[in-house]
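Colleague: I am attaching a structure below and will ask some questions about it afterwards.
Each reported figure results from applying straightforward, stated rules to the coordinates on display, with no laboratory input. Bear in mind that the values here come from a model prediction, so they are computed numbers and not experimental data. Backbone-built Cβ (ideal geometry, glycine too); neighbour counts: all protein chains shown.
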Amino acid sequence: MALGPQTASAERVTFGGGCFWCIEAVFEDLKGVSSVTSGYAGGHVENPTYEQVCGKQTGHAEVVQINFDPKVISYDQLMKIFFTMHDPTTPNQQGADKGPQYRSIILYADEKQKKEAEAAKLAAQKDYKDPIVTEIVPLRKFYSAETYHQGYYKANPRQGYCSVVIAPKIEKMRHKYADLLKK
């Protein structure tokens, strides 16, 4: 699937930091975020499937594409949350999830986003002992993940992975960024 519609008052950011279920769940409750879509980007295979991406031969990462209103939440704020909610110092891994599909990656839409992502990465480095390995690359194509991946946490909060891995990330975000949450 190609990039979805973007209104004049909205902007879009695409990034990945581990399993897309985790990233999606963290960002969908923020003020100014109108949609979060799980998908794949950064690779060379057209219309990849989840199984292909997990097979580590497509070059794609599991990512989310976030449509947001920059008058309510800024790109910079989203970048700060991104660098807080995953470990950007571990190549091809987040917790027990291992493989290139789980790499830390920001896919920029234009030069402005590229510069802002680079600045956010540099600013975030002060919070980490090890070097940040987050890739910053141009977004060529975004492919929506299969329907069963969309809104996964909300549909399956009691599933083992959701309660053990995702729920603590959501609680961390709600505590640290309470002022940015939707009411």
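Colleague: How high is the relative contact order of the chain, in percent, with contacts defined as C-alpha pairs under 8 Å that are six or more residues apart?
Modeller: 31 percent
Colleague: Under a point-charge model restricted to the Cβ atoms of Lys and Arg (+1) and Asp and Glu (-1), what is the dipole moment magnitude of region 45-183 relative to its Cα centre, in debye to the nearest 20?
Modeller: Using only the charged Cβ atoms, the result is roughly 400 debye.
Colleague: Further question on the same structure: For Glu135, enumerate residues with amide H under 5 Å from its amide H, sequence gap 5+ or separate chain, H modeled in the peptide plane.
Modeller: Close amide H contacts, sequence-distant or interchain: Ser104, Ile105, Ile106.
Colleague: In the set (1) 8, 26, 25, 18, 16, 8, 0; (2) 10, 40, 40, 10, 0; (3) 9, 38, 38, 13, 1, which value of P(r) over Cα pairs in 10 Å bins from 0, in percent was calculated from the structure you see?
Modeller: Given (1) 8, 26, 25, 18, 16, 8, 0; (2) 10, 40, 40, 10, 0; (3) 9, 38, 38, 13, 1, the structure-derived one carries the label (2).
Colleague: Right, here's the next one. Over 27 Å between C-alpha atoms is what I'm after, so list which of Lys141/Lys182; Lys31/Lys112; Lys56/Lys126; Lys126/Lys154 land there.
Modeller: From the list (Lys141/Lys182; Lys31/Lys112; Lys56/Lys126; Lys126/Lys154), the Cα-Cα distance tops 27 Å for Lys141/Lys182; Lys56/Lys126; Lys126/Lys154.
Colleague: Evaluate the distance, in nm, between pseudo-label points positioned 7 Å from the Cα of Asp130 and of Val45 along their respective Cα→Cβ axes.
Modeller: Placing both labels 7 Å beyond Cα along the Cβ direction yields 2.7 nm.
Colleague: If you don't mind, there's one more thing I want to ask. How far apart, in nm, are the 7 Å Cα→Cβ label points at Ala167 and Ser35?
Modeller: It works out to 3.0 nm between the two label points.
Colleague: Most mobile of Val72, Val133, Val53 per a Gaussian network model of the chain (Cα springs, under 10 Å)?
Modeller: Highest fluctuation of the listed residues: Val72.
Colleague: Of the beta bridges DSSP finds with both residues in the chain, what % are antiparallel, to the nearest 5?
Modeller: Looking only at bridges with both residues in the chain, the antiparallel portion is about 85 percent.
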